[in-house]
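Reviewing the structure listed below.
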Amino acid sequence: MPDLCQLSSLGKSREGREVHLLTITDFTTGHTDDKPAYLIYGNIHATELSGTHGALYTGRQLLVDYENSALLKEMVFYIIPRINPDGAEFAVTTSGPIRSRTDRSLLEPNTLYPEDINGDGLILSMRQEHPDGLFVSDPKDTRLLIRRKVDAKGPFYRVMPEGKLYQWDGSDNISIDGRGFDWNRNWSYDWRPEPEQYGAGDFPFSEKEMRYIGEFMHSKPNLFGVLGYHTGPAAVLRPPSTGSDNDLDEGDVGIMEDLARVGAKYTGFQIYPVVKYHGKKSKDINLRGHFHNFGYHHLGLFVFEFELGVIENSAGITTEEQFAAETDEDREELQRKLMNWWDNQTERDPIYKPWEKFQHPQLGKVEIGGFLRRHIAGPTLWDLAKISEGTYKFTLEHAGKHPKVTLEDLQVDFMGENIYRIRLRVANRGEFPTHISNKGRNLRRLRPVRLEFHPVDGVKLLSSQGHYTIGHLGGITGSRLLEWFVSVPEDKIEICEIRIFGGTGGNTRELLKIDNAKRI
Ligand SMILES: [Zn+2]
C-alpha cells in the first residue's frame with residue numbers, strides 16, 4: 001500500500017498546542033494541489049469533543065477502504081480533527097463550561113470564573129441557598145433542580161458554575177465567566193460585533209486558530225466541499241445561517257437539499273437549514289459570521305455541518321422532541337426522562353455527580369455537583385460509532401461528485417510535409433461543474449479551466465492560438481474540442497506538453513509525441 005496519510009500542523013494554538021492537519025490521498029497519483037480537495041473539521045466548540053471523533057472516523061475509514069475505492073487516487077481529503085485544541089483540553093480535563101474560548105487575560109470584577117475548587121478534578125455546578133434562588137429541588141428526582149414557582153416551598157437555590165469570584169464586593173450582583181468567544185461566529189461573511197452577535201470576537205478571523213482554517217481554505221482553490229462536525233441535537237445542517245432560502249440561488253438550494261438528504265438517509269437525522277435549527281415557537285435564528293454563509297457565499301461551495309447529537313438523543317429523546325419542549329415543565333420532564341434512561345444503562349458514561357457540601361472560600365456554604373458537560377454535550381460512545389459510519393458514507397457520496405477534468409480523444413495526425421494536426425477534448429466527467437455551485441460561477445476563488453500549449457524546442461505552432469482559457473465546464477457532459485497545427489522537425493519525436501489548470505483541482509499535464517501519428 002502506498003503512503004496515504006500525512007500528519008502536519010496548521011500552526012500553534014494560543015496556548016501552544018499544534019492544530020493538526022491530516023492529508024489523506026494516494027500520494028503516488030499526483031500532487032495534492034492538482035486534485036480536487038474535501039475538508040473536514042471538528043471541535044470548533046470546546047465541549048463538542050465527539051466532533052473530533054467523527055472527523056477521525058472518516059479519516060481512518062478512508063484508509064481502511066483504500067483498496068475498494070478510487071477516491072484517494074483522484075482526490076485529497078484534509079482533516080482538521082480539532083481546530084480548537086485549547087478549548088478541548090479544558091473540556092476534556094475539567095468538564096467545565098466553555099464555548100470556544102474564555103478570555104482570562106482581562107479579569108472583570110464581581111465575575112465568577114470556572115475553576116475546580118473542591119479538588120476533584122472537575123468543574124461542575126454550584127448551588128447555594130439564597131432567598132432569590134431561581135431553583136428548587138425536584139420532588140420527583142432530587143438530583144435535579146427545577147424552576148421555582150410562585151407558591152414553591154424552599155429551600156431555594158441559586159446556581160452557577162463551580163469557581164471563584166474575581167474582586168468580589170460581597171453583593172449578589174455576580175457575573176458569570178467574563179467574555180466568551182464562539183468561533184463559529186468569527187468567520188468573515190456577514191460578521192457583526194457584539195452585542196449584535198454573541199461571541200463574535202474582535203473582527204473576522206480575529207481568533208488565531210480560525211485564521212489558520214480561513215487561510216487554509218482560501219489557499220486551496222481546489223477545495224470543492226467542506227464538512228464541519230458539531231454536537232448539538234442530532235441534525236444535518238445546511239445553509240443559510242441568516243435570512244432564508246430566498247437569499248440563495250434556487251438551483252443551489254435544490255442541490256444542497258439533495259445532498260443533505262443523503263446525510264439524513266445514512267444517519268437518520270432530520271435536515272435543518274441553520275436558520276430553522278431552533279425550538280418550535282422561536283423566531284428563525286440569524287447567526288452572523290457563521291460557517292454556512294461563509295462556505296456558500298465566500299467559497300461558493302455546498303457545505304454542511306453534522307450535529308452528532310447530545311446525550312438526550314442517545315436517551316431516545318429526538319431532536320424534534322427537544323425542540324418541541326417549550327415550557328420549563330416540558331424541559332424538566334425531559335431531564336427526568338434522561339435520568340431515568342441513565343439509571344437503566346448497564347454500561348454508561350458518568351454524566352452526573354451527586355450534590356456534595358463544600359465550604360466555598362468566598363460564598364460560604366454551597367453544594368457542588370450536577371451534570372458533567374463533557375459527557376452530556378455529545379452522544380454515547382456506542383452511538384457515536386454508529387453515527388460516524390453514517391456520516392462517513394455521506395462524505396463518500398458528497399466527495400464522489402467532485403469535478404473530474406480529463407484530456408480525451410488525443411489525436412496526432414500527419415498532414416504531409418512536416419505538418420501535424422493535434423486534436424484533443426478537455427472534459428469534466430465529474431458530477432459537479434468546475435464552479436461547483438451557481439454561486440461559485442462568479443467567484444474568483446474557483447478558477448476556470450485553462451489549457452496551456454507548450455511546444456518543445458524547434459516545434460513551431462502554426463495555429464494562431466496556443467493557450468486557451470476554457471472557462472468553467474459543466475458536470476458530466478461539459479467538454480471542449482481543441483485543435484492545433486504544428487510543424488515538427490524531422491529528428492523530433494516529442495511535440496508539446498499540454499498543461500491544464502483550474503477546474504477545482506483538475507490540474508494535469510501530458511506530453512504529446514508523434515509516435516502514433518496517423519497519415520491522413
Ligand atoms: Zn457546535
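The values are calculated or read from the model by the stated rules, or taken from the named source; none is laboratory data. Just so you know, these numbers come straight off a predicted model, no measurement behind them. Here the Cβ is made from the backbone with ideal geometry for all residues, glycine too, and neighbour counts use every protein chain on show. Note: accessible area is taken over every heavy atom of the protein model, side chains too, but ligands, DNA and RNA are not part of it. Shrake-Rupley method; radii C 1.70, N 1.55, O 1.52, S 1.80 Å.
So here's what we get for this one:
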item	result
Residue within region 268-290 that is open to solvent by less than 40 Å² (accessible area, probe 1.4 Å), in a helix (DSSP H, G or I) and modelled with pLDDT of 95 or more present	yes
Residue in region 412-426 that is part of a strand (DSSP E or B), closer than 22 Å to Asp34 by Cβ and open to solvent by less than 20 Å² (accessible area, probe 1.4 Å) present	yes
Identity of the residue in region 294-320, acidic (Asp, Glu) and in contact with a Lys or Arg (Cβ under 9 Å, 6 or more places away or on another chain), that ends up farthest from the ligand (Cβ to nearest atom)	Glu320
Helices (runs of 4 or more DSSP H) wholly inside region 1-98 containing at least 3 residues that are touching a residue at least 12 places away in the same chain (Cβ under 8 Å), of a type outside the set (A, V, I, L, M, F, W, C) and away from the ligand (no atom under 16 Å from the Cβ)	50-64, 85-94
Residue check, Arg441 in contact (Cβ under 8 Å) with a residue 12 or more places away in the chain and not in a loop (DSSP other than H, G, I, E, B)	yes
Cβ-Cβ under 6 Å pairs, at least 6 apart or on other chains, region 217-236 side open to solvent by 10 Å² or more (accessible area, probe 1.4 Å), far side within 13 Å of the ligand (Cβ to nearest atom) and aliphatic (A, V, I, L, M)	Pro233/Val310
Residue match in region 216-228 (condition: among the charged types (D, E, K, R), more than 15 Å from the ligand (Cβ to nearest atom) and within 17 Å of the chain's Cα centre (by Cα))	yes
Single residue of Gly170, Gly178, Gly214 found to be surrounded by 15 or more Cβ atoms within 10 Å (Cβ to Cβ), part of a loop (DSSP other than H, G, I, E, B) and of a type outside the set (A, V, I, L, M)	Gly178
Sole residue being of a type in the set (D, E, K, R) and touching a residue at least 60 places away in the same chain (Cβ under 8 Å), chosen from Glu326, Glu321, Glu332	Glu332
Candidate set from region 128-142 (those that are in contact (Cβ under 8 Å) with a residue 40 or more places away in the chain and closer than 24 Å to Lys164 by Cα); member that is surrounded by the most Cβ atoms within 10 Å (Cβ to Cβ)	Gln128
Filter result for Gly170 (free of Cβ contacts under 8 Å to residues at least 12 places away in the same chain, away from the ligand (no atom under 16 Å from the Cβ) and on the phi > 0 side of the Ramachandran plot)	yes
Test: residue in region 242-263 that is modelled with pLDDT of 95 or more, closer than 30 Å to Trp342 by Cα and open to solvent by less than 30 Å² (accessible area, probe 1.4 Å)	yes
Gly364 vs. criteria open to solvent by less than 10 Å² (accessible area, probe 1.4 Å), at positive phi and away from the ligand (no atom under 16 Å from the Cβ)	no
Any hit, region 335-348, residues being within 16 Å of the ligand (Cβ to nearest atom), over 20 Å from the mean Cα position of the chain (by Cα) and open to solvent by less than 40 Å² (accessible area, probe 1.4 Å)	no
Number of the exception - Ala91 against (1) modelled with pLDDT of 95 or more; (2) over 20 Å from Gly199 (Cα atoms); (3) not charged (D, E, K, R)	(2)
Scope region 442-476; condition farther than 15 Å from Asn428 by Cα and surrounded by 14 or more Cβ atoms within 10 Å (Cβ to Cβ); matching residues	Leu443, Arg445, Glu452, Phe453, His454, Pro455, Val456, Val459, Leu461, Gly466, Tyr468
Single condition Arg331 does not satisfy, out of (1) in a helix (DSSP H, G or I); (2) within 16 Å of Leu237 (Cβ to Cβ); (3) of a type in the set (D, E, K, R)	(2)
Leading residue by the ranking (nearest to Leu308 (Cα to Cα)) among those in region 367-405 that are open to solvent by 50 Å² or more (accessible area, probe 1.4 Å) and of a type in the set (Asp, Glu)	Glu389
Glu108 vs. criteria among the acidic types (Asp, Glu) and either without any contact (Cβ under 8 Å) to a residue 40 or more places away in the chain or within 29 Å of His20 (Cβ to Cβ) (or both)	no
Odd one out for Lys492 among (1) modelled with pLDDT of 95 or more; (2) open to solvent by 50 Å² or more (accessible area, probe 1.4 Å)	(1)
